[in-house]
Structure formats: C-alpha cells, structure tokens
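Below is one structure, written out as structure tokens; comments come after it.
The values are calculated or read from the model by the stated rules, or taken from the named source; none is laboratory data. Being a predicted model, the structure only gives us computed values, none of them experimental. Heads up, the Cβs are rebuilt from the backbone with ideal geometry, glycines too, and the neighbour counts pull from every protein chain shown. The protein model used for the area step is the full one, side chains on, heavy atoms only, and it has no ligands, DNA or RNA in it. Shrake-Rupley method; radii C 1.70, N 1.55, O 1.52, S 1.80 Å.
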Amino acid sequence: MYLIVAQVIGTGATASVGRLGSILEVSKDPGDGLEHVYAQAMDGGALLAMFFVASGLDTAERTARKLCTRALTTAPGLDGCVLGQLLGVEGIL
C-alpha cells in the first residue's frame, strides 16, 4: 500500500474539499488501485491523502497525478485550481 499526498492550490479546492474525494473516486479507472481518499482544507487550497495498491511507488505517484489532473480539468467548481507538490510514501499498512 502506498500513501500519496497531493497539494491542490486554489480557492475552488478549499470550497470543494467535501467533494474532492468523491470526484477522484468517480474519476478513477478500473485497475488504478485507488483504495481511499481523504481531503483536508488548508489556506488557499486542500491536501489530499490517497491510498493506493500498486506495483510500485512510481506507479502510485503517476496514477495520483493522472487522477488529480483529470479531476482539476473536468470537475465543476475547480476552475483555476492546480496540482502543487506531490509526495509518495512506500509501505503504508
């Protein structure tokens, strides 16, 4: 299991923090390995904690980046939001 923490920058992310997990859940493809998402508001955006089952940390990070980018470019209310830093941690659970 891999934990990927992503920073989403933009006031839309702060306002939509309650929907971010659901947005990512519906954006995922079968086989992405996304098991759980937790979103927390922060000044000027939000932090996402995403848990993945993947073949490696690089795969989990790539998938997290893909899902976040897709959500930020297609979900209503997230206009102007951008993906900031992304940090992966190996060996969770």
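Here are Val37, Val8: which of them is part of a strand (DSSP E or B) and free of Cβ contacts under 8 Å to residues at least 60 places away in the same chain?
Just one listed residue meets the conditions, Val37.
Among the residues of the range 45-60, which ones are outside any strand (DSSP E or B), open to solvent by 60 Å² or more (accessible area, probe 1.4 Å) and of a type outside the set (Gly, Ala, Ser)?
Listed by number, the residues that qualify are Val53, Asp58.
Can you tell me which residues in the range 62-93 are open to solvent by 40 Å² or more (accessible area, probe 1.4 Å), part of a loop (DSSP other than H, G, I, E, B) and either on the phi > 0 side of the Ramachandran plot or of a type in the set (A, V, I, L, M) (or both)?
Scanning the range 62-93 gives Gly77, Gly80, Gly91, Ile92, Leu93.
Keeping to the range 8-35, report how many residues are of a type outside the set (Val, Ile, Thr) and either open to solvent by less than 40 Å² (accessible area, probe 1.4 Å) or within 21 Å of Gly91 (Cα to Cα) (or both).
The total comes to 13.
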